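Chemist: So that we are looking at the same thing, I have put the structure below in C-alpha cells.
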Amino acid sequence: MTYHEKEVNPMTNREIYTAAIKVCKEYGTDESVDLALEFENLISKLDATNEKRKIAAAEKAAVKQAEKAPIREALFAAMSETPMTATELIAAAGLDIKPASVPSLLRPFVDEGAVLKVDVKVAGKGTQRGYVKG
C-alpha cells in the first residue's frame with residue numbers, strides 16, 4: 001500500500017508548527033533556533049485569532065439569546081396551572097413560531113424549576129409533551 005492509498009489524517013497548523021519547533025530546536029543551529037522562534041510567533045498569532053473568534057461567537061450568542069427573551073417570556077406568561085402542549089402555548093401566547101422550537105425556548109425555565117414537563121393525552125394524537133408552571 002502506498003502513501004496515497006492510505007487514509008491520512010491531516011495535521012492542524014498548530015501540530016505542524018509544534019513539530020517544526022521541536023525539529024528546529026533539536027537541530028540546534030542559529031538559523032534553526034531563529035526558525036523555531038518564527039513558528040512560536042505563528043502559534044501566538046493562531047491563539048490571538050482563536051481568542052477573537054471565541055469573543056465574536058460569544059457576542060453573537062448573546063444577541064441571539066436577547067432576541068429569544070421576549071418569546072420565552074410570552075410563552076411563560078401564557079402558561080397556566082393546567083398542562084399545555086407546545087401548540088396550545090403558541091396559540092395562547094399569540095406567537096408565530098414552530099412547535100418544535102418550544103422545548104429549547106423553555107429549557108432555561110425547566111432547568112431552574114419554574115416550568116415542569118409532563119405528558120398530556122391529546123385526543124386523536126396520543127401522548128404529547130406538555131408544560132406547566134412549577
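Chemist: For segment 11-31, indicate whether the set of residues that are modelled with pLDDT under 90, aliphatic (A, V, I, L, M) and in a loop (DSSP other than H, G, I, E, B) is non-empty.
Modeler: For segment 11-31, residues modelled with pLDDT under 90, aliphatic (A, V, I, L, M) and in a loop (DSSP other than H, G, I, E, B): present.
Chemist: Evaluate the following for E51: is it charged (D, E, K, R) and under 25 Å from the mean Cα position of the chain (by Cα)?
Modeler: Criteria met by E51.
A quick yes/no check of all residues on (1) within 30 Å of A19 (Cα to Cα); (2) surrounded by 15 or more Cβ atoms within 10 Å (Cβ to Cβ); (3) modelled with pLDDT of 90 or more:
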{"position": "M79", "(1), (2), (3)": "no, yes, yes"}
{"position": "V120", "(1), (2), (3)": "no, yes, no"}
{"position": "K125", "(1), (2), (3)": "no, no, no"}
{"position": "G134", "(1), (2), (3)": "no, no, no"}
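Chemist: Which one of E112, E88 is of a type in the set (D, E), out of contact with any helix residue (DSSP H, G or I) (no Cβ under 6 Å at 6 or more places or on another chain) and exposed (fewer than 14 other Cβ atoms within 10 Å of the Cβ)?
Modeler: Exactly one of E112, E88 is of a type in the set (D, E), out of contact with any helix residue (DSSP H, G or I) (no Cβ under 6 Å at 6 or more places or on another chain) and exposed (fewer than 14 other Cβ atoms within 10 Å of the Cβ), namely E112.
Chemist: Could you list, in sequence order, all residues of segment 78-115 that are hydrophobic (A, V, I, L, M, F, W, C), in a strand (DSSP E or B) and within 12 Å of R129 (Cα to Cα)?
Modeler: M84
Chemist: Looking at segment 113-126, I want the residues that are in contact (Cβ under 8 Å) with a residue 24 or more places away in the chain and have a partner that is small (G, A, S) with Cβ atoms under 6 Å, at least 6 apart or on another chain. Which pairs are those?
Modeler: Hits for this filter: A114/G134; V115/G134; V118/G130; V120/G130.
Chemist: Right, something else. From A20, A66, A36, A57, grab the single residue that is under 30 Å from P99 (Cβ atoms), surrounded by 10 or more Cβ atoms within 10 Å (Cβ to Cβ), of a type in the set (A, V, I, L, M) and not assigned by TED's automatic domain parsing to the domain that holds P99.
Modeler: Of the residues listed, the single one that is under 30 Å from P99 (Cβ atoms), surrounded by 10 or more Cβ atoms within 10 Å (Cβ to Cβ), of a type in the set (A, V, I, L, M) and not assigned by TED's automatic domain parsing to the domain that holds P99 is A57.
Chemist: Next question, about the same structure. Could you say which residue among L35, L75 is part of a helix (DSSP H, G or I) and free of Cβ contacts under 8 Å to residues at least 24 places away in the same chain?
Modeler: L35
The values are calculated or read from the model by the stated rules, or taken from the named source; none is laboratory data. Note that this is a predicted model, so its numbers are computed, not measured. Here Cβ is always computed from backbone atoms with ideal geometry, including for glycine, and neighbour counts include all displayed protein chains.
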